[in-house]
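Note sheet for the following structure.
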Amino acid sequence: MKTIKIKFTDFWKGFNPATSIFLHHLNKHFHVILSDHPDYIIYSVFGNEYMKHDCIRIFYTCENIRPDFNLCDYALAFDWMDFEDRYFRFPVYMFNLYNYDMERASIKHEISEEELIKKQKFCNFIYSNHKAVAVRRKFFDLLNSYKRVDSGGKYLNNLGYCVKNKFEFQVDYKFSIAFENSSASGYTTEKITQAFAAKTIPIYWGNPNIGKEFNTDSFINCHDYACFSDVLNRVIEVDEDDDLYLKILKTPIYENINLENIPNMTSFGDFLNNIFDQDINIASRRSKNIRSAAYEKLRFIMLHSRLFMLI
């Protein structure tokens, strides 16, 4: 079994490499050593520590940020694109396969009478990030004008406590507001799949091409409407018509979807294996010429100058 030395850096607070989907796969195929002197860096967007290591760089983003292929050799992100063996589309909801969100989501249409009876509450809203685009607050306020929306996160909380288990909280609701922090084609996070998993109807906004991944008959897609007032009217229509509500709830998320648009763990594993199976001397992909080195140095100086100004 090949030995590989890896460092994980610039991930979010609380990220644990040992329980990540990366090591969940790599430990099956390689002898992995976590090292401060790595041959490979797997990094994200919450810092610039990766720039201190001149080794094979693999970028992963959970935010609406594109990879810079001048700085990384390989990337996992959300855009639909092809770039030789350097890129794999890995939307954020895939990162949660390890906690069974997608397994539950894929069978959300198989709702039982017992599960249906639980849905006595109208709609939930669970967010802590107050820096997201204003449309999230705008729609929350609009929907509240029809019926109370229970907000269980730190942002706009109206329960008096913060929800500890999102899944267990959501299962009692008919609808879930599933708005991304920002909008971009392909940028699909766990928000919609967690709502599916709890067998609620997501009211979704974010990825305007969400219909390439999930059947839009299985949720309320804000991008199908001219304005939020039209979305509100649709929510009211569904809320007041039990047969229509049940029809949407029982529509499979992958019905009439080209499954080639959906990443899977086999292709994810193949992408990683291709990187680490190569001889380390030929695995590098980013340019190492003089101009590329100057670009990276300038980028490093700019980032650290900006950080210094913020201190």
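The values are calculated or read from the model by the stated rules, or taken from the named source; none is laboratory data. From a predicted model like this one, the values you see are computed outputs, not experimental measurements. Don't worry about glycine lacking a Cβ; one is built from the backbone with ideal geometry, like all the others, and counts go over all protein chains shown. The accessibility values were calculated without ligands, DNA or RNA, using every heavy atom of the protein model including side chains. Shrake-Rupley method; radii C 1.70, N 1.55, O 1.52, S 1.80 Å.
Apart from one condition, MET1 fits all of (1) part of a loop (DSSP other than H, G, I, E, B); (2) surrounded by 14 or more Cβ atoms within 10 Å (Cβ to Cβ); (3) aliphatic (A, V, I, L, M); the exception is (2).
Summed over region 192-207, residues that are hydroxyl-bearing (Ser, Thr, Tyr) and not in a strand (DSSP E or B) total 2. In the set ASP85, ASP79, ASP54, only one residue is touching a helix residue (DSSP H, G or I) at 6+ places or on another chain (Cβ under 7 Å) and open to solvent by 10 Å² or more (accessible area, probe 1.4 Å); that residue is ASP85. Given the condition within 17 Å of PHE268 (Cβ to Cβ), in a helix (DSSP H, G or I) and among the hydroxyl-bearing types (Ser, Thr, Tyr), answer yes or no: does some residue in region 37-47 qualify? No; the residues of region 37-47 include none that is within 17 Å of PHE268 (Cβ to Cβ), in a helix (DSSP H, G or I) and among the hydroxyl-bearing types (Ser, Thr, Tyr).
Name the single residue that is surrounded by the most Cβ atoms within 10 Å (Cβ to Cβ) among those in region 31-51 being in contact (Cβ under 8 Å) with a residue 40 or more places away in the chain and more than 17 Å from GLU296 (Cα to Cα). This residue is TYR40. All of ASN281, ASN273 fail the test of being under 23 Å from the mean Cα position of the chain (by Cα) and either assigned to a helix (DSSP H, G or I) or closer than 23 Å to LEU71 by Cβ (or both), apart from ASN273. Please indicate, with yes or no, whether at least one residue in region 246-260 is surrounded by fewer than 17 Cβ atoms within 10 Å (Cβ to Cβ) and in contact with a helix residue (DSSP H, G or I) (Cβ under 6 Å, 6 or more places away or on another chain). Scanning region 246-260, I find no residue that is surrounded by fewer than 17 Cβ atoms within 10 Å (Cβ to Cβ) and in contact with a helix residue (DSSP H, G or I) (Cβ under 6 Å, 6 or more places away or on another chain), so the answer is no.
Among strands (runs of 3 or more DSSP E) entirely within region 91-191, having at least 3 residues that are in contact with a helix residue (DSSP H, G or I) (Cβ under 8 Å, 6 or more places away or on another chain) and modelled with pLDDT of 95 or more singles out 121-125, 173-179.
Residues that are closer than 25 Å to ASN207 by Cα and in contact (Cβ under 8 Å) with a residue 40 or more places away in the chain within region 144-166 comprise just one, LYS166. Within region 69-90, the set of residues being under 19 Å from the mean Cα position of the chain (by Cα) and either part of a loop (DSSP other than H, G, I, E, B) or at positive phi (or both) comprises PHE78, ASP79, TRP80, MET81, PHE90. Among residues of region 266-284 that are without any contact (Cβ under 8 Å) to a residue 40 or more places away in the chain and within 19 Å of ALA77 (Cβ to Cβ), none has a beta-carbon under 6 Å from a residue that is aliphatic (A, V, I, L, M) and open to solvent by 20 Å² or more (accessible area, probe 1.4 Å) at least six positions away or on a different chain.
For ASP241, the test of being without any contact (Cβ under 8 Å) to a residue 60 or more places away in the chain, over 24 Å from PHE140 (Cβ atoms) and open to solvent by 60 Å² or more (accessible area, probe 1.4 Å) is failed.
Does LEU71 count as touching a helix residue (DSSP H, G or I) at 6+ places or on another chain (Cβ under 8 Å), aliphatic (A, V, I, L, M) and surrounded by fewer than 16 Cβ atoms within 10 Å (Cβ to Cβ)? Criteria not met by LEU71.
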